[in-house]
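**Student:** Shown below is the structure under consideration.
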4 protein chains.
Amino acid sequence: MSPDEKAAAIAHHLRAKEGTGAAFDIDILEVRAGYAKIAMTARADMLNGHGICHGGLIFTLADTAFAYACNSHNRSSVAQHAAITFLAPVPEGARLVAEAKEDAVAGRTGAYSATVRIDDDAVVAVFNGVSRTIGGAVLDD
Amino acid sequence: MSPDEKAAAIAHHLRAKEGTGAAFDIDILEVRAGYAKIAMTARADMLNGHGICHGGLIFTLADTAFAYACNSHNRSSVAQHAAITFLAPVPEGARLVAEAKEDAVAGRTGAYSATVRIDDDAVVAVFNGVSRTIGGAVLDD
Amino acid sequence: MSPDEKAAAIAHHLRAKEGTGAAFDIDILEVRAGYAKIAMTARADMLNGHGICHGGLIFTLADTAFAYACNSHNRSSVAQHAAITFLAPVPEGARLVAEAKEDAVAGRTGAYSATVRIDDDAVVAVFNGVSRTIGGAVLDD
Amino acid sequence: MSPDEKAAAIAHHLRAKEGTGAAFDIDILEVRAGYAKIAMTARADMLNGHGICHGGLIFTLADTAFAYACNSHNRSSVAQHAAITFLAPVPEGARLVAEAKEDAVAGRTGAYSATVRIDDDAVVAVFNGVSRTIGGAVLDD
């Protein structure tokens, strides 16, 4: 497998194992080494008390794209820190697309950023994550 | 109603309206003006691909406590920015308790911080949020 | 003037007015609409107690690039929030280059990211900033 | 020495060694284990292009209080991540007071928060930092 094929296999492996993947019906659109693009639809059970998509769910989608991107090199990694800025409200039924990419890696630490859009339109949130490898591989070679 | 009673009524109102409150079975433990303490159990459908609680769900709990705290003055508010640092993994079945408090308010902007603990034990995550009022009240006076 | 020429003129105007530009001897390398690249040398009076460049100065350089980028459309803007992740220590004498770019704009709010490198080498810090316009122009048209 | 006396000795040691302490004329007001309160006056050479104190300098003050607090246990520590929210502009001549405290420690990682006030008045910025120990002590026992 090429590095990009391996990255995609890892993302699909994580998606199959994780409880949240099925719970939130997350679709993997494209994964390469250091990159992941995924989607989720804002359902009624994802809305907050103001009737718009809960920031926690927008974060979860971006954080999942980040997880696929930072584990894509087959070094098991977890988030140590993450931040999100919300730019626009997300209505029920919106198709959210998160795209995460690697900005820098230094030793065990990686810096990633992601955007969340409604379809291919304007950015509704920007996300940043810092990962650390925890030893071991995600998939056996 | 006193300001603290009003704060609690607002949190229960938001909890009843939001899709996530029922979906994640969030319990309100204590709410006062500028303060909220809530709990949630890490279920199988909240785990990530490493078999521990997904950071997005830990974030969602802290973000919900933040929402109850920043709306507690009955000025409708949304998160503009939030950040989280993960300090320890959370196993399936853990009872997560998030406690949010107000650090400062300036005009339409509020700064809040929260901790997430397993029961009353060590902190597993620290969270910070910046809110903005969006006009209007949460509950009619 | 084209938008890019205007952006450069604004950055040079800010550089001339600000106390920090002269104090830290900041060089403007390139500015376009929504983009700024600047440099600074880590001096002895910028070191921390561990003998490496103080994180506050690395932040200040990135924040300055962010300021030039977010004011580049000639709408006076200030930082509302900023975050930085440090990836590697910076020794005395290192030439630091910060590059800031616009990720998204929504109403009065803008999201920017920046990298800080030593010369053209590895990234030593990644930075994210959220700006808000405060009314008025930086330069008269 | 008690832990609090040791913490104060470490802060004064760092203040004497660092280039920024003298450059920005930082005053140590109070240091205890996991806590530091320091002050700095916003000078003309600390202003940005809008004529108010540069966010980088407000960050640097908070980051310095964070450094004193996270090194206070005599385990050499550096910042891995830090974030700041600006709540109010700071005019030239203002006396800035930063107060940092420890929120949680887990292994090599520490979470700290700080406020920056003008004198004892309203908070002008809130700051959060994540530290990591790098091995070794700051002061010989």
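**Student:** Of all residues being free of Cβ contacts under 8 Å to residues at least 60 places away in the same chain and crowded, with 19+ Cβ neighbours inside 10 Å in segment C:1-22, which is nearest to C:THR109 (Cα to Cα)? Just the residue, please.
**Tutor:** Residue satisfying both the conditions and the ranking: C:ALA8.
**Student:** Now for a separate question. Would you mention how many residues in segment C:116-141 are within 11 Å of chain A (Cβ to nearest Cβ), surrounded by 14 or more Cβ atoms within 10 Å (Cβ to Cβ) and touching a residue at least 24 places away in the same chain (Cβ under 8 Å)?
**Tutor:** Looking only at that region, the number is 10.
**Student:** Could I ask something else about it? Need the failing condition index for C:PRO89 against (1) at the interface with chain D (Cβ under 8 Å from one of its Cβ atoms); (2) touching a Ser or Thr at 6+ places or on another chain (Cβ under 7 Å); (3) closer than 23 Å to D:PHE127 by Cα, just the number.
**Tutor:** Among (1) at the interface with chain D (Cβ under 8 Å from one of its Cβ atoms); (2) touching a Ser or Thr at 6+ places or on another chain (Cβ under 7 Å); (3) closer than 23 Å to D:PHE127 by Cα, C:PRO89 violates only (2).
**Student:** Additional query: Given the residues A:ARG95, A:ARG75, which is the only one that is in contact with an Asp or Glu (Cβ under 6 Å, 6 or more places away or on another chain), more than 15 Å from B:PHE86 (Cα to Cα) and more than 7 Å from chain B (Cβ to nearest Cβ)?
**Tutor:** A:ARG95
**Student:** With respect to D:ASP63, is the statement that it is buried (at least 24 other Cβ atoms within 10 Å of the Cβ) and not in a strand (DSSP E or B) true?
**Tutor:** For D:ASP63, the condition - buried (at least 24 other Cβ atoms within 10 Å of the Cβ) and not in a strand (DSSP E or B) - is met.
**Student:** Right, here's the next one. In this structure, does B:ALA83 turn out to be within 10 Å of chain D (Cβ to nearest Cβ), in contact (Cβ under 8 Å) with a residue 24 or more places away in the chain, more than 21 Å from A:CYS53 (Cα to Cα) and buried (at least 17 other Cβ atoms within 10 Å of the Cβ)? Outline the logic, then answer.
**Tutor:** Details: within 10 Å of chain D (Cβ to nearest Cβ): yes; in contact (Cβ under 8 Å) with a residue 24 or more places away in the chain: yes; more than 21 Å from A:CYS53 (Cα to Cα): no; buried (at least 17 other Cβ atoms within 10 Å of the Cβ): yes.
Judged against the criteria, B:ALA83 is not a match.
**Student:** Residues in segment D:93-141 that are out of contact with any helix residue (DSSP H, G or I) (no Cβ under 6 Å at 6 or more places or on another chain), on the phi < 0 side of the Ramachandran plot and not in a strand (DSSP E or B): how many?
**Tutor:** So the answer is 9.
**Student:** Which one is nearest to the other protein chains (Cβ to nearest Cβ) among residues in segment C:1-58 that are in contact with a strand residue (DSSP E or B) (Cβ under 7 Å, 6 or more places away or on another chain), of a type in the set (A, V, I, L, M) and assigned to a helix (DSSP H, G or I)?
**Tutor:** Among those residues, the one meeting the criterion is C:MET46.
**Student:** Take the residues in segment D:35-45 that are more than 11 Å from the chain's Cα centre (by Cα) and in contact (Cβ under 8 Å) with a residue 40 or more places away in the chain, then tell me which one is surrounded by the fewest Cβ atoms within 10 Å (Cβ to Cβ).
**Tutor:** D:ALA44
**Student:** I've got another one for you. Which of (1) buried (at least 21 other Cβ atoms within 10 Å of the Cβ); (2) more than 19 Å from D:PHE127 (Cα to Cα) does D:HIS73 not meet, given it meets every other one?
**Tutor:** With (1) buried (at least 21 other Cβ atoms within 10 Å of the Cβ); (2) more than 19 Å from D:PHE127 (Cα to Cα) applied to D:HIS73, the lone miss is (1).
**Student:** Return the residue satisfying two criteria in turn: it lies in segment C:98-109 and is facing another protein chain (nearest Cβ under 9 Å) and closer than 19 Å to D:THR85 by Cβ, and of such residues it is surrounded by the fewest Cβ atoms within 10 Å (Cβ to Cβ).
**Tutor:** C:GLY107
**Student:** What's the number of the only condition in (1) under 10 Å from the mean Cα position of the chain (by Cα); (2) under 19 Å from B:VAL130 (Cβ atoms); (3) without any contact (Cβ under 8 Å) to a residue 60 or more places away in the chain that D:PHE66 fails to meet?
**Tutor:** Unmet condition: (3).
**Student:** How many residues are closer than 24 Å to B:ARG132 by Cβ and basic (Lys, Arg) when one looks only at segment D:72-103?
**Tutor:** Here the count works out to 0.
**Student:** Modelled with pLDDT of 95 or more, in a strand (DSSP E or B) and either surrounded by fewer than 22 Cβ atoms within 10 Å (Cβ to Cβ) or under 13 Å from the mean Cα position of the chain (by Cα) (or both): is that true of B:ALA88 in this structure?
**Tutor:** no
**Student:** Here's something else I'd like to know. Determine if segment A:27-34 includes at least one residue that is within 16 Å of the chain's Cα centre (by Cα) and crowded, with 24+ Cβ neighbours inside 10 Å.
**Tutor:** Yes; the residues of segment A:27-34 include at least one that is within 16 Å of the chain's Cα centre (by Cα) and crowded, with 24+ Cβ neighbours inside 10 Å.
**Student:** Mind listing whichever residues of segment C:63-72 are within 20 Å of B:ALA83 (Cβ to Cβ) and facing another protein chain (nearest Cβ under 8 Å)?
**Tutor:** Result: C:ASP63, single match.
The values are calculated or read from the model by the stated rules, or taken from the named source; none is laboratory data. Keep in mind it's a predicted model, so treat the numbers as computed, not measured. Note that we place each Cβ from the backbone using ideal geometry, even for glycine, and neighbour counts take in every protein chain shown.
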